[in-house]
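Shown next, in structure tokens, is the structure this report addresses.
The values are calculated or read from the model by the stated rules, or taken from the named source; none is laboratory data. None of these values were measured; they are calculated from a predicted model. Cβ placement follows ideal geometry from the backbone for every residue including glycine, while neighbour counts extend to all protein chains displayed.
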Amino acid sequence: MKKIIISTLIIILLNYTIVGLTTKNSNEKEAKKYYAKGNSLLNKNRYSESIKYFDKAIELDTDYNEPLLKKGIALSFFGNYDEALECYDKILKIDNFHLEIKHSKNIYLETLNEKSYILYHKELFDEAIYFSDLVLEKDNKNIRAITNKVAALLKLEKYNDTNEYLDLLIKIDKTNKKNYLELKANIEKFLS
């Protein structure tokens, strides 16, 4: 009798698990559809519309970080920096534990870069540098993090540090090498 009860309980438990997984998979698929639509609208500069789709994707799958990241980007286009930072902070709380997974690491680093960018625009330059440095700890050739850091260093008038990072950009970003060399020359002219 005991075996029958235990077997029945296991079957019930498995059924709950299967039903839960089916619902989660269905929600994940729907969330990805909303995310794709929101991303399409974001790419067309239709920011307020995209936010609605990102919100729906977040509602359907709370573990899906891409919509949060893109929502933050869309909010920043409106100058809603505090709301954008809230999105980024949520991702950083979630994804800080999943850095070994490459996809999560990319989302994590992109979120840190976005946070640095927003802090720069809020004129919180030291904080912007801090978040750029977090990216550079994981990826020391991350062009976005270095350019964010250079911009903040310039605002803080830390020209020697700026030149150090410009040298790094000159080495790794061949596409914009001419611009970096010109900026470096202007700084050196200013200092002399």
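In the set (1) at pLDDT 90 or above; (2) surrounded by fewer than 21 Cβ atoms within 10 Å (Cβ to Cβ); (3) among the polar types (S, T, N, Q), the condition left unmet by SER50 is number (2).
Taken together, the criteria place ALA152 among residues that are touching an Asp or Glu at 6+ places or on another chain (Cβ under 9 Å), without any contact (Cβ under 8 Å) to a residue 60 or more places away in the chain and not β-branched (Val, Ile, Thr). Check segment 94-117 and report whether any residue there is touching a residue at least 24 places away in the same chain (Cβ under 8 Å) and more than 25 Å from ILE58 (Cβ to Cβ). No, there is no match, as no residue in segment 94-117 is touching a residue at least 24 places away in the same chain (Cβ under 8 Å) and more than 25 Å from ILE58 (Cβ to Cβ).
Condition check ((1) assigned to a helix (DSSP H, G or I); (2) modelled with pLDDT under 90; (3) surrounded by 15 or more Cβ atoms within 10 Å (Cβ to Cβ)) across all residues:
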| position | (1), (2), (3) |
| --- | --- |
| THR17 | yes, yes, no |
| ASN25 | yes, yes, no |
| LYS29 | yes, yes, no |
| GLY38 | yes, no, yes |
| ASN45 | no, no, no |
| ALA57 | yes, no, yes |
| PRO67 | yes, no, yes |
| LEU85 | yes, yes, yes |
| ILE91 | yes, yes, yes |
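Looking only at segment 170-184, decide whether some residue is buried (at least 16 other Cβ atoms within 10 Å of the Cβ), part of a helix (DSSP H, G or I) and among the polar types (S, T, N, Q). So far as segment 170-184 goes, no, none of its residues is buried (at least 16 other Cβ atoms within 10 Å of the Cβ), part of a helix (DSSP H, G or I) and among the polar types (S, T, N, Q). Is it true that some residue in segment 130-140 is farther than 16 Å from LYS115 by Cα and either without any contact (Cβ under 8 Å) to a residue 24 or more places away in the chain or not assigned by TED's automatic domain parsing to the domain that holds SER116 (or both)? So far as segment 130-140 goes, yes, one or more of its residues are farther than 16 Å from LYS115 by Cα and either without any contact (Cβ under 8 Å) to a residue 24 or more places away in the chain or not assigned by TED's automatic domain parsing to the domain that holds SER116 (or both). Checked against (1) assigned to a helix (DSSP H, G or I); (2) within 30 Å of LYS93 (Cβ to Cβ), GLU123 meets all criteria but (1). Checked against the criterion of being out of contact with any Phe, Trp or Tyr (no Cβ under 6 Å at 6 or more places or on another chain) and either in a helix (DSSP H, G or I) or of a type in the set (Gly, Ala, Ser) (or both), the candidates ALA128, ALA152, ALA145 yield just one match: ALA145.
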